[in-house]
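Inspection log for the structure reproduced underneath, given as structure tokens.
Values in this text are rule-based calculations from the coordinates and carry no lab data. Predicted model only: the values in this text are computed from it and were never measured. Here the Cβ positions follow ideal geometry from the backbone for every residue, glycine too, while neighbour counts run over all protein chains shown.
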Amino acid sequence: MGAAGIELPEFMGASVIERTYRRAVELQDHSREPWWNGGHHARRMREVGVRMAVARDPRMMLFLDKAAEYLRARSDEQKSRIAQLGYSEKHDEYSEAALFRTAYQKADEPRRDETALFDTWGWVYGAVAEALAKG
């Protein structure tokens, strides 16, 4: 069993999921850089990731699903700790979990908007594609 009681596939673990979230942010930041400073790689990974999402690549879909599940469990743990400290929490889910869950749902929609996949969730797909290539 993986962290937070979530069974994760062999090719991914808690550290891979957390790194993938951070990597999505890094790719988005690097996309504004010139090609020699990481910009080309960032934009390329976004393109690869979106193609995988459009094709509903089974490993990508599994990664997005399990990552959302893992991050939701972590979100629940954080909310519980905050409540134990006596603070009230109004969020249903922290943004990391929602981002992966929504990226999964949007890729799985039968009549999805591929432009929105590229513009909005492309960095998540790119980071997942990069993680899958390494794993």
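Observations, loosely collected:
- Neighbour-count ranking [beta-carbon atoms within 10 angstrom, fewest first] of Val50, Val16: Val16, Val50
- Dividing the summed -39500 (n - 2.57) terms of all DSSP H runs of n ≥ 4 by the residue count of the chain sets its mean residue ellipticity at 222 nm at -24000 deg cm²/dmol.
- Length released on extending from Trp36 to Ser95, taking residue separation times 0.36 nm less the Cα-Cα span: 18.1 nm
- Rounded Å value of the spacing that divides the Cα centres of the range 15-44 and the range 52-71: 19
- For log10 I(q)/I(0) by the Debye sum over Cα atoms at q = 0.12, 0.18 Å⁻¹, the value computed from the atomic coordinates appears in the list (1) -0.53, -0.96; (2) -0.48, -0.96; (3) -0.62, -0.96 under label (2).
- Full extension of the chain segment joining Phe11 with Ala133 gains 42.9 nm, where the gain is 0.36 nm per residue of separation less the Cα-Cα distance.
- Each peptide among 106-114, 60-68, 125-133 gets the average number of other Cβ atoms lying within 10 Å of its residues, and from highest to lowest they stand as 125-133, 60-68, 106-114.
- Virtual spin-label span in nm between Asp29 and Arg56, 7 Å along Cα→Cβ: 3.5
- Label-point separation, Glu109 to Arg19 (7 Å along Cα→Cβ), nm: 3.2
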